[in-house]
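The structure appears right after this line, and notes come after that.
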Amino acid sequence: MAFLPDAGYVPTAEDRASLDAWFAEYDAQSAQRNVQRMADMAVFPLNLVSDDAAGNGRSAQWDREQFIATMTQVMGDGSEDLTFESTRTPVFLSPAMAVVFSDSTMTTEGESRRLRYADILVKRDGQWAFQTMIQGGWGDNL
């Protein structure tokens, strides 16, 4: 098992619980395809980092409207069940910043797809929000 370097901040149980609660809410909203509520849980402009089909790294910034339009298209109309099972490894950089690595299985219509991604979250006014999404394979859509 790899050990993470000392980042200078040791998260409390409350830090971890609040982050876990945020992800539980986000996953629930994703499963319901409530893209408006998902957008409420972000800081805009939202940074996106990925790679494209040619193997080049890509990045973009989306405003709320672009996030809603793209996520609505990607997630579909909601006519089929969508579930997520995720294992998350957060690295707290401070009480208000975390990089979270996720290994997830998304299942819809009996078909499962494994996902690995990372998010950068910031806490504002006591609430977590994602600010950067990092996942391979989406660069051609940025």
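The values are calculated or read from the model by the stated rules, or taken from the named source; none is laboratory data. From a predicted model like this one, the values you see are computed outputs, not experimental measurements. Heads up: the accessible areas ignore ligands, DNA and RNA and are worked out on the full protein's heavy atoms, side chains in. Shrake-Rupley method; radii C 1.70, N 1.55, O 1.52, S 1.80 Å.
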Could you tell me what fraction of 2.2 N^0.38 Å the Cα radius of gyration of region 1-124 comes to, as a two-decimal ratio?
1.14
With Cα atoms, 0 to 90° folded angle of helix 64-75 axis to the chain main axis:
60 degrees
Counting only the heavy atoms of the protein chains, how much of VAL122 is accessible to a 1.4 Å probe, in Å² to the nearest 10?
30 Å²
Theoretical ellipticity at 222 nm over the chain - DSSP helices of four or more residues, -39500 (n - 2.57) apiece, nearest 500
-8000 deg cm²/dmol
Average projected area of the Cα convex hull of region 40-89, in nm²?
5.4 nm²
